[in-house]
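Accompanying notes for the structure given below.
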Amino acid sequence: MRILAVDHGEKRIGLALSDQTGTIATPLNVISHTSRAVDAAQVAGLAIEHEVGLVLIGQSFDEEGRPNAAGRSAARFAEALRLQTNIPVELWDESFSTQDARASRIALGLSRRKRMGHHDSVAAVVILQSYLEANRKS
């Protein structure tokens, strides 16, 4: 089953897609934020196009384990997406995904110039890969 991961941000939405076996996550796309309904329709369309069985939305939390402002926004986006599609939508802890995405680009040895820019789709890969590893069957 393919899984589509979403790194929901204020300006951009990063997307990543798993392979059919649910083993490897790869960057898919970055969508510029328009409105919650339009963004949800775009993500739903991509989910249908790529025949995914699950949409995974990254949600961030504060130090007490409660959704922070960005996490609450991700939860509202999840609800909007559920209205657009019958594909199951789950929230997944995305804490530090952007920092992990940045670190992975450094670890790859990319120059500072090539590392500049947005990490949205790479952050979605980090979210998806953590989900895949947590749910990997031994």
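The values are calculated or read from the model by the stated rules, or taken from the named source; none is laboratory data. As the structure is a prediction and not an experimental result, all values here were calculated from the model. Note: ideal-geometry Cβ built from the backbone for every residue, glycine included; neighbour counts use all protein chains shown.
Could you run through the stretch 31-66 and say how many residues are within 17 Å of GLU94 (Cα to Cα) and hydrophobic (A, V, I, L, M, F, W, C)? Walk me through how you get there before you give the answer.
The initial filter retains those residues of the stretch 31-66 that are within 17 Å of GLU94 (Cα to Cα), namely 54-66.
Narrowing further to those that are hydrophobic (A, V, I, L, M, F, W, C): 54-57, 61.
Counting residues in the stretch 31-66 that are within 17 Å of GLU94 (Cα to Cα) and hydrophobic (A, V, I, L, M, F, W, C) gives 5.
For the stretch 60-105, give me each residue that is modelled with pLDDT of 95 or more, under 17 Å from ALA134 (Cβ atoms) and in contact with a Pro (Cβ under 9 Å, 6 or more places away or on another chain).
Correct list: LEU91 only.
State all residues of the stretch 59-91 that are buried (at least 19 other Cβ atoms within 10 Å of the Cβ), in contact (Cβ under 8 Å) with a residue 24 or more places away in the chain and touching a Leu at 6+ places or on another chain (Cβ under 8 Å); if no residue qualifies, say none.
Once the filter is applied, which keeps residues that are buried (at least 19 other Cβ atoms within 10 Å of the Cβ), in contact (Cβ under 8 Å) with a residue 24 or more places away in the chain and touching a Leu at 6+ places or on another chain (Cβ under 8 Å), the stretch 59-91 yields GLN59, ALA74, VAL89.
Residues that are among the polar types (S, T, N, Q): find the strands (runs of 3 or more DSSP E) completely inside the stretch 1-59 holding 1 or more of those.
Values: elements: 2-8, 12-18, 25-32, 52-59.
The strands (runs of 3 or more DSSP E) meeting that bar are 12-18, 25-32, 52-59.
Among what's in the stretch 30-42 and is without any contact (Cβ under 8 Å) to a residue 40 or more places away in the chain and of a type in the set (A, V, I, L, M, F, W, C), pick the residue that is farthest from LEU4 (Cα to Cα). Explain how you work it out, then say what you get.
Here is the first cut: in the stretch 30-42, the ones without any contact (Cβ under 8 Å) to a residue 40 or more places away in the chain are 31-35, 38, 42.
Filter again for of a type in the set (A, V, I, L, M, F, W, C), leaving 31, 38.
Numbers: ILE31: 14, VAL38: 17 Å.
Among residues in the stretch 30-42 that are without any contact (Cβ under 8 Å) to a residue 40 or more places away in the chain and of a type in the set (A, V, I, L, M, F, W, C), the one farthest from LEU4 (Cα to Cα) is VAL38.
So which of ASP39, ASP7 is charged (D, E, K, R) and surrounded by fewer than 22 Cβ atoms within 10 Å (Cβ to Cβ)? Talk me through it step by step, then tell me what you get.
Details: ASP7 fails: surrounded by fewer than 22 Cβ atoms within 10 Å (Cβ to Cβ).
None of the other options fit; the residue is ASP39.
Which one is nearest to HIS50 (Cα to Cα) among residues in the stretch 10-23 that are buried (at least 22 other Cβ atoms within 10 Å of the Cβ) and not aliphatic (A, V, I, L, M)?
Per the criteria, the residue is SER18.
Looking at this structure, is ASP19 at pLDDT 95 or above, within 18 Å of LEU81 (Cα to Cα) and in contact with a strand residue (DSSP E or B) (Cβ under 8 Å, 6 or more places away or on another chain)?
Numbers: at pLDDT 95 or above: yes; within 18 Å of LEU81 (Cα to Cα): no; in contact with a strand residue (DSSP E or B) (Cβ under 8 Å, 6 or more places away or on another chain): yes.
No: the conditions fail for ASP19.
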